[in-house]
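The values are calculated or read from the model by the stated rules, or taken from the named source; none is laboratory data. This is a predicted model, so every value here is computed, not measured. Positions of Cβ are backbone-derived with ideal geometry, glycine not excepted, and every protein chain shown enters the neighbour counts. Note: areas computed on protein heavy atoms with side chains; ligands, DNA, RNA excluded. Shrake-Rupley method; radii C 1.70, N 1.55, O 1.52, S 1.80 Å.
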Amino acid sequence: MATVRLGIPMPSRSSSATGAAASSAAMAGAPTSGGLLDQHGRTAKDLRVSLTDRCNLRCTYCMPAEGLDWMDRDEALGLAELQRLLRIAVTLLGIEEIRFTGGEPLLYSRLTELISYTSSLSPRPEISLTTNALGLSRKAADLKAAGLDRVNVSLDTIDPDHFHAITRRDRLNDVLAGLDAAHQAGLRPVKVNAVIQPGINETDAAELLQFCLDHGYELRFIEQMPLDAGHEWQRDTFITAERILELLSARFDLAPHPEHRGAAPAERFVVNGGPATVGIIASVTRPFCGDCDRTRLTADGQIRNCLFSHGEMDLRALLRGPSAVTDDDAGDSTIAQAWRDATWGKLPGHAINDPSFLQPARSMSAIGG
């Protein structure tokens, strides 16, 4: 079968993404009302909220076997602080979608309560969860009842040995049970996120797609990004989107999806004539920064306007301590403006393919997906 090539034009060279702390000139030009607009015409409407940096898997492309130095619990935002920032994001800044991430967000003890609060906001945002699905089989129904709309489950293979090699845990059956529970609870579409690594699960891509087709899940392959804690990512060895399409095209007929993807990170392909699709998120080889509509809040209250930012805007300082603002309309307006300033300083792209690119100090587990 012919290989389907990605049709996304490569962007021109852009400066590497710095953080939310923009220059004073850029800050001065930031809007003082309305949503989260940057200097390049993009508006952030999708908020990713990391609830913890802790995880109960040890995926090789994310962290070392012994784990990481987790942040102290008092560094993380409390429930009331999270609720306040979510309210500001939705009611003052135009956020339309909120995704809870980690680490592993199911480890956050007050997740159901937080989702219930989020679903009560007006206008109600779309609410999703990115999870490794450990424990999801016990929680899916309650999360749905609380207001969760859908889940993205990280699963790189359905081969038990390969799963253990990647995650360093023998928990594949728990993940599969979590996927099924989410589907049965109505957390649809259930999406599966997969990272393919050379010599580990490269031969599993087609089988994983068949598994998702059989179960009604939507599969998204993600190019491995330079966000690992050990900074071991290598440009000349990671599996590209083109290679993933080659692997899939050996077994399936793939055709570009006719609909424009908009701000969605995945380029979709129709499988065997449809209606099922598979997505490719080519963050490295085909950046989609020009359509990015995301803003990120870390578990310790920092705003990041890009996964690859090297700076952050400290909202936690505005919630507690000497710099804290009042918990009223005036204080909320101050926080909202700081968030606008952070977004205004967003640069055109992450510049992974630029020789000057430097991997951010935080790993993915500390940033949130």
Using the Karplus equation 6.51 cos²θ - 1.76 cosθ + 1.60 (θ = phi - 60°), what ³J(HN,Hα) coupling, rounded to whole Hz, does each residue of region 78-87 give in order, writing x for Gly and Pro? x, 4, 4, 5, 4, 4, 5, 5, 5, 4
Which whole-Hz ³J(HN,Hα) couplings does region 251-266 yield from phi under the Karplus relation 6.51 cos²θ - 1.76 cosθ + 1.60, θ = phi - 60°, glycine and proline marked x? 10, 10, 8, 10, 9, x, 5, x, 7, 5, 7, x, 8, 5, x, 8
Whichever lysines have a C-alpha closer than 27 Å to that of K144, once near sequence neighbours (fewer than 8 apart) are set aside: K45, K191
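At 0.36 nm per residue, and after removing the present C-alpha to C-alpha distance, how many nm does the segment from R138 to V325 gain when stretched out fully? Could you put the intermediate results ahead of the total?
Working: separation 187, 0.36 × 187 = 67.32 nm, distance 3.92 nm.
Gain in length upon complete extension: 63.4 nm.
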Could you give each residue of region 333-345 its phi-based ³J(HN,Hα) in whole Hz, using Karplus coefficients 6.51, -1.76, 1.60 with θ = phi - 60°, and x for Gly or Pro? 5, 5, 5, 4, 5, 4, 5, 4, 4, 4, 6, 4, x
Calculated FRET efficiency for the pair E207/D253, C-beta based, R₀ 22 Å, to 0.05: 0.85
Spin-label pair R188/E75, simplified geometry with 7 Å Cα→Cβ offset, distance in nm: 4.2 nm
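Full-extension gain between S119 and T334, please, as 0.36 nm times their residue separation minus the C-alpha to C-alpha distance. Each step should come with its number before you reach the end.
On the way: separation 215, 0.36 × 215 = 77.40 nm, distance 2.42 nm.
Result for the pair: 75.0 nm of gain on full extension.
Tell me the carbon and sulfur percent of the accessible area for region 168-221, rounded to whole percent, probe radius 1.4 Å. Provide the component values of the computation, followed by the final result.
On the way: 900 of 2190 Å².
Percent of accessible area from carbon and sulfur atoms in region 168-221: 41.
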In region 21-113, what trypsin sites (Lys or Arg not before Pro) fall in a loop by DSSP, with at most 11 other Cβ atoms inside 10 Å? none
Calculate, for region 132-221, the solvent-accessible area per residue in square angstrom, rolling a 1.4 angstrom probe over the heavy atoms of the protein chains. 39 Å²
Considering amide H positions built from the backbone, and no H for Pro or chain starts, which residues 5 or more places from L36, or on another chain, come under 5 Å of its amide H? A44
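Want the number for D291 to T32: 0.36 nm per residue separation, take away the alpha-carbon distance, what's left?
Values: separation 259, 0.36 × 259 = 93.24 nm, distance 2.27 nm.
Stretched out fully, the D291 to T32 stretch lengthens by 91.0 nm.
Cβ under 11 Å from P31's Cβ, P31 left aside: what net charge do those residues give with Lys, Arg +1 and Asp, Glu -1?
Numbers: positive: R340; negative: D38, D341.
Counting the neighbours of P31, the net charge comes to -1.
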